[in-house]
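Undergrad: Quick one: the structure is below, questions incoming.
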Amino acid sequence: MNPLTKREQQVAELLAWGASKKEIPDLLRKLYGGREISVHTVENIARNIYKEQGKDFDKEYNEFKQLFK
């Protein structure tokens, strides 16, 4: 398994804290600075993280969000 990039680590941390895919781009900019990224880019980063671990991002994310409804 390859180590996560800095941006992947940041996205993973925010997902772990329960931030939504739509909130993450703004949070990344506010917390870490750098260039702005889109929700689509966040989704791709998250999918890559999960794929590398042999998991399905969409399934895991939807199950996680169901816990807070």
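Undergrad: Considering (1) without any contact (Cβ under 8 Å) to a residue 40 or more places away in the chain; (2) open to solvent by 50 Å² or more (accessible area, probe 1.4 Å); (3) touching a helix residue (DSSP H, G or I) at 6+ places or on another chain (Cβ under 7 Å), say which one LYS59 fails and leave the rest.
TA: Of (1) without any contact (Cβ under 8 Å) to a residue 40 or more places away in the chain; (2) open to solvent by 50 Å² or more (accessible area, probe 1.4 Å); (3) touching a helix residue (DSSP H, G or I) at 6+ places or on another chain (Cβ under 7 Å), only one is false for LYS59: (3).
Undergrad: Something else now. Restricting to region 11-32, and then to whatever is in contact (Cβ under 8 Å) with a residue 12 or more places away in the chain and either in contact with a Pro (Cβ under 9 Å, 6 or more places away or on another chain) or farther than 20 Å from LYS59 by Cβ (or both), can you tell me which residue is surrounded by the most Cβ atoms within 10 Å (Cβ to Cβ)?
TA: LEU28
Undergrad: So which of ARG47, ARG35 ends up being outside any loop (DSSP other than H, G, I, E, B) and either touching a residue at least 24 places away in the same chain (Cβ under 8 Å) or open to solvent by 50 Å² or more (accessible area, probe 1.4 Å) (or both)? Give the derivation first.
TA: Values: ARG35 fails: outside any loop (DSSP other than H, G, I, E, B).
Matching residue, one of ARG47, ARG35: ARG47.
Undergrad: So which of THR5, THR41 is of a type outside the set (A, V, I, L, M), touching a Pro at 6+ places or on another chain (Cβ under 9 Å) and surrounded by 11 or more Cβ atoms within 10 Å (Cβ to Cβ)? Before the answer, list the steps.
TA: Details: THR5 fails: touching a Pro at 6+ places or on another chain (Cβ under 9 Å).
Criteria check complete, one pass: THR41.
The values are calculated or read from the model by the stated rules, or taken from the named source; none is laboratory data. Model, not experiment: these values are computed from the prediction. So basically every Cβ, Gly included, is an ideal-geometry build from the backbone, and we count neighbours across all protein chains shown. Quick note on the areas: whole protein, heavy atoms, side chains included, nothing else; ligands and nucleic acids left out. Shrake-Rupley method; radii C 1.70, N 1.55, O 1.52, S 1.80 Å.
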